[in-house]
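Following: one structure in structure tokens, then a few remarks.
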Amino acid sequence: MNHFLAPTDLTHAEREAVLNRAIELKALKRPLDRTTLRVGALFFNASLRTRISFEKAAEVIGGTCLTLNTGSDTYKMEMDPEAAMNADTQENIVEAAGVLGRMFDIIGVRSFPTGQAWEIEKTEPILRAFAEHSGVPVVSLEGALHHPCQGLADHLTMKEHFGETKKLKVAMTWAPHPKPLPMAVPNSFALQSALAGCDLTIVRPEGYDLDPEVMASIESESAAAGGSVEVTSNRDLGLEGAKVVYVKSWGRMDHPGQSADASLADWTFGDSAWEMTDQAKVMHCLPVRRNVVISSSILDSDRSIVLDEAENRLWAQAGLLDHISKGVQK
Amino acid sequence: MNHFLAPTDLTHAEREAVLNRAIELKALKRPLDRTTLRVGALFFNASLRTRISFEKAAEVIGGTCLTLNTGSDTYKMEMDPEAAMNADTQENIVEAAGVLGRMFDIIGVRSFPTGQAWEIEKTEPILRAFAEHSGVPVVSLEGALHHPCQGLADHLTMKEHFGETKKLKVAMTWAPHPKPLPMAVPNSFALQSALAGCDLTIVRPEGYDLDPEVMASIESESAAAGGSVEVTSNRDLGLEGAKVVYVKSWGRMDHPGQSADASLADWTFGDSAWEMTDQAKVMHCLPVRRNVVISSSILDSDRSIVLDEAENRLWAQAGLLDHISKGVQK
Amino acid sequence: MNHFLAPTDLTHAEREAVLNRAIELKALKRPLDRTTLRVGALFFNASLRTRISFEKAAEVIGGTCLTLNTGSDTYKMEMDPEAAMNADTQENIVEAAGVLGRMFDIIGVRSFPTGQAWEIEKTEPILRAFAEHSGVPVVSLEGALHHPCQGLADHLTMKEHFGETKKLKVAMTWAPHPKPLPMAVPNSFALQSALAGCDLTIVRPEGYDLDPEVMASIESESAAAGGSVEVTSNRDLGLEGAKVVYVKSWGRMDHPGQSADASLADWTFGDSAWEMTDQAKVMHCLPVRRNVVISSSILDSDRSIVLDEAENRLWAQAGLLDHISKGVQK
């Protein structure tokens, strides 16, 4: 079963095939002929880009997509198959996933962290339960640990702008934000850059390290792909020579609910930081807090490729769904 | 006008045709060619299976389906055509239904009981108002008295698993639940089983009788179809020899808001109850409260056919919509 | 770029072409062949008719439409591109519009007044921001100043019922309502009637004048199209000889939050008022408060053409989208 819950769930050959297919589909500018492919998308959390791009991706390859929001569109879900359900949960994930698997050929699920201990969250229990009980391939539309479709779109965007990503000098730089954000996007971008063979520098204040297991995976994949990984808190040094800057905020692992210290406000990515780079293209997954994460001056200039990146969600996912659908035998 | 608000709204010949068409469409494994059929679905109450299966059913026969949730997607509706609407209701059902009838060829409506007296609720005033004012066929997606699409799917599932349903030994057995649930599903299952000619035993604690008018209809249809109906509070006896057990909770008609007495907790359907049957297949409309209504041990075994039943919502509704659409002249 | 934010955003020739195309598509009774046209619809406010009719209009011309409700489906939007977004807004309209422009070929947006000063509201800041930042044509699905798709549907409905609209005697008459309603619909109907060359009488109590700039535009367009405009508070006189009566409530410009005085309750449009007209057809944009705005006796008779009008939303918008899509080069 071809689940896609993390960037490493595709082999190198599969990843190349998916990205090349994405490029073909983007160039084609029209949907493929109608097929029988039925995609479902289940959102435990709000979405703009992901919902639209996933629906449109299914249509591009000739399928249909039906989106459901839990809460308004579904029953309250119980995650424990052995629970005695005499309280407020109404439907067990075993049946919810099982039913979706009878209605759809591929299921996308978004499920952010739900406030449990990180050691539990990082196993993506909800996504894995859908993968286990649905009987069909499950695509993560962002979990606690990874946002692999975003990673794929980021990879596609770098490939599109620079051709070769091997040894491409990329800096992922932390930014302030009023809330301590989850780490799925930085985890996936860093890992995806490693898989792409980039020379990656993670620039972040002390205390803002990624999960050690994720870092270990980034390092080993980077080595295997012929790239490199550095981590620094020296922002000027970290940005030096970068061709791509990926700006992103995230919270501290050791103080999960805590907002960033006001003393870090100058980590907003603006013109003076950009001057440190080698005329870098600036990326962000969106939504972006203007003038807190990235300055308007950059977002409104051609240094920013955030809209290309957002559009590529559609094409990367179309390539992915096309790949996965070929393995679906119904 | 071919409305479908209760199992008896189809003649025997129509029911057979709908079920046979459902079987054909399921075997085909791909949608029919695109038609002009426009289906609309209006939900006054939440849904998972029904929403998905109804949309997919419309697609299977080449049509489209647009789903609306009242509240978030629509204006607050007034049910009295003669009301002076100077308070909080914003749109009269006459216009709401009339407009939907101009936009769609067939309309599905879900409307649970709204807290009025049962003598009013059981007339399905909202469903009937849509039927009266829309000018197009209306399909109940569950009302107060019946859930006829569920009944049709249940019939299809029994036909699929047993071939012949006439004289098939079926037990519908009551189960505990933290809330006093509506009776639309048990009403429709019992009536549909009667229409299918089953030998039906309704197993329930004293005080949990179905509506007397519904019972009268079940008995007369059963006699006409060559089946039989028994009602018992002796669970062991009621389950004996059953080939199908339909487990379902419902509230007391004489104490509508009252939860089941704790002394009935042992009515949960588990392994020991199943041992009384003749290797029965276990059915439930879902969502099911695990280990309160049915034990996990049964749901996770091949004794349970609840997912087949859920999937058959799609195919039964596809057969139904195909049948109704043939009568639509626009 | 062919935005459609006000009735005057089409030239006379374009308006004729759109309406004629609408009539053709309505007569055809089936969708055009599938195209690559991707329409998106973004609702900042609830909708029944508009959502359905806009989706169905896109389908009629072979395209697809994806609807998003802000709030439930999207992030909280910031309207100022230069804001330092460190409070509760999560996504700037620049990026929201930009992303939608990458996913869709045409975008519909509904945005009611948001409680700012009228001089700001009447510039339709949200609609114009989408027009500015999306890079694709934007269609108003109702703003503060205009509801131009409604105007187009009203025009189509009059054309359909009377053939020629030039010199057609039309009265737009104010009606009571529990709330002081926005003026987008009366503005657009009056302006559209002027563009259609009607002999328009606006019948309203003293103090209920339309915005002076809108009135100036109505008068000049009317003169150019060979029609006439009168305004009166004498209801009997104003209705005399009317072939069409458009009933609509709206609030006072000089007391924006104030409900209508109880002394105006007899402005409800009922049988005795209708007797003043020349057997007029009665129109209303819906939803209508029965027996407050228009009597049930009229709505339930063939004097009312409100359902034709609602249905024509679909066909007018199909004509419009077909027109706009021809200008879209992607």
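The values are calculated or read from the model by the stated rules, or taken from the named source; none is laboratory data. From a predicted model like this one, the values you see are computed outputs, not experimental measurements. Quick reminder, even Gly has a Cβ in these numbers, built from the backbone with ideal geometry, and neighbours come from all protein chains shown.
Among the residues of the stretch B:9-27, not a single one is out of contact with any helix residue (DSSP H, G or I) (no Cβ under 8 Å at 6 or more places or on another chain) and at the interface with another protein chain (Cβ under 9 Å from one of its Cβ atoms).
A quick yes/no check of all residues on (1) buried (at least 23 other Cβ atoms within 10 Å of the Cβ); (2) closer than 22 Å to C:E78 by Cα:
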position: A:G251; (1), (2): no, no
position: A:T277; (1), (2): no, no
position: A:K281; (1), (2): no, no
position: A:V292; (1), (2): no, yes
position: A:L307; (1), (2): no, yes
position: A:L320; (1), (2): yes, no
position: A:S325; (1), (2): no, no
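Does A:F112 meet the test of being of a type outside the set (G, A, S), in contact (Cβ under 8 Å) with a residue 40 or more places away in the chain and farther than 29 Å from A:T35 by Cβ? Answer is yes for this residue. Restricting to the stretch B:7-25, name every residue that is under 22 Å from B:D308 (Cα atoms) and either touching a Gly at 6+ places or on another chain (Cβ under 9 Å) or among the polar types (S, T, N, Q) (or both). Those that are under 22 Å from B:D308 (Cα atoms) and either touching a Gly at 6+ places or on another chain (Cβ under 9 Å) or among the polar types (S, T, N, Q) (or both): B:P7, B:A17, B:V18, B:L19, B:N20, B:R21, B:A22, B:I23, B:E24, B:L25. Residues in the stretch A:261-275 that are surrounded by 15 or more Cβ atoms within 10 Å (Cβ to Cβ) and either among the β-branched types (V, I, T) or without any contact (Cβ under 8 Å) to a residue 24 or more places away in the chain (or both): A:T268 only.
Residue-by-condition table, conditions (1) surrounded by fewer than 19 Cβ atoms within 10 Å (Cβ to Cβ); (2) within 16 Å of the chain's Cα centre (by Cα); (3) of a type in the set (F, W, Y); (4) over 29 Å from B:L181 (Cα atoms):
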site: B:Q90; (1), (2), (3), (4): no, no, no, yes
site: B:A96; (1), (2), (3), (4): no, no, no, no
site: B:L100; (1), (2), (3), (4): no, no, no, yes
site: B:M103; (1), (2), (3), (4): no, no, no, yes
site: B:V109; (1), (2), (3), (4): no, yes, no, no
site: B:F112; (1), (2), (3), (4): yes, yes, yes, no
site: B:G115; (1), (2), (3), (4): yes, no, no, no
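Can you confirm whether B:P182 is modelled with pLDDT under 95, farther than 26 Å from B:S233 by Cβ and not aliphatic (A, V, I, L, M)? No: the conditions fail for B:P182. Among residues of the stretch C:198-224 that are over 21 Å from C:E121 (Cβ atoms) and among the hydrophobic types (A, V, I, L, M, F, W, C), those with a beta-carbon under 6 Å from a residue that is modelled with pLDDT of 95 or more and assigned to a loop (DSSP other than H, G, I, E, B) at least six positions away or on a different chain give the pairs C:C198/C:T165; C:C198/C:L168; C:C198/C:G227.
From the list C:L42, C:L32, the lone residue that is within 28 Å of C:D308 (Cβ to Cβ) and either within 7 Å of another protein chain (Cβ to nearest Cβ) or buried (at least 23 other Cβ atoms within 10 Å of the Cβ) (or both) is C:L42. Against the conditions (1) touching a residue at least 12 places away in the same chain (Cβ under 8 Å); (2) crowded, with 19+ Cβ neighbours inside 10 Å; (3) under 26 Å from B:L141 (Cα atoms), B:G257 satisfies every one except (2).
Given the condition in a helix (DSSP H, G or I), farther than 25 Å from A:G270 by Cα and in contact (Cβ under 8 Å) with a residue 60 or more places away in the chain, answer yes or no: does some residue in the stretch A:177-190 qualify?
Checked the stretch A:177-190: no residue is in a helix (DSSP H, G or I), farther than 25 Å from A:G270 by Cα and in contact (Cβ under 8 Å) with a residue 60 or more places away in the chain.
The set of residues from the stretch A:163-176 being out of contact with any helix residue (DSSP H, G or I) (no Cβ under 9 Å at 6 or more places or on another chain) and touching a residue at least 24 places away in the same chain (Cβ under 8 Å) comprises A:K167, A:K169.
Being in contact with a Phe, Trp or Tyr (Cβ under 7 Å, 6 or more places away or on another chain), closer than 30 Å to A:T89 by Cα and assigned by TED's automatic domain parsing to the domain that holds B:L286 is a condition met by at least one residue of the stretch B:185-202.
For B:T232, the conditions (1) surrounded by fewer than 18 Cβ atoms within 10 Å (Cβ to Cβ); (2) closer than 30 Å to B:A17 by Cα all hold with the exception of (2). Can B:L66 be described as away from chain C (no Cβ under 14 Å) and either crowded, with 21+ Cβ neighbours inside 10 Å or of a type outside the set (D, E, K, R) (or both)? The answer is no for B:L66. Of the residues C:S301, C:S297, C:S259, the single one that is hydroxyl-bearing (S, T, Y), within 13 Å of chain B (Cβ to nearest Cβ), touching a helix residue (DSSP H, G or I) at 6+ places or on another chain (Cβ under 7 Å) and over 30 Å from A:K29 (Cα atoms) is C:S297. When you check B:R303 against the structure, is it under 29 Å from A:L100 (Cβ atoms), surrounded by 24 or more Cβ atoms within 10 Å (Cβ to Cβ) and of a type in the set (K, R), yes or no? No: the conditions fail for B:R303. Among the residues of the stretch B:45-63, just one is within 12 Å of chain C (Cβ to nearest Cβ) and in contact (Cβ under 8 Å) with a residue 60 or more places away in the chain, namely B:G63. Residue check: is A:L307 without any contact (Cβ under 8 Å) to a residue 24 or more places away in the chain and not charged (D, E, K, R)? So A:L307 fits the description; yes.
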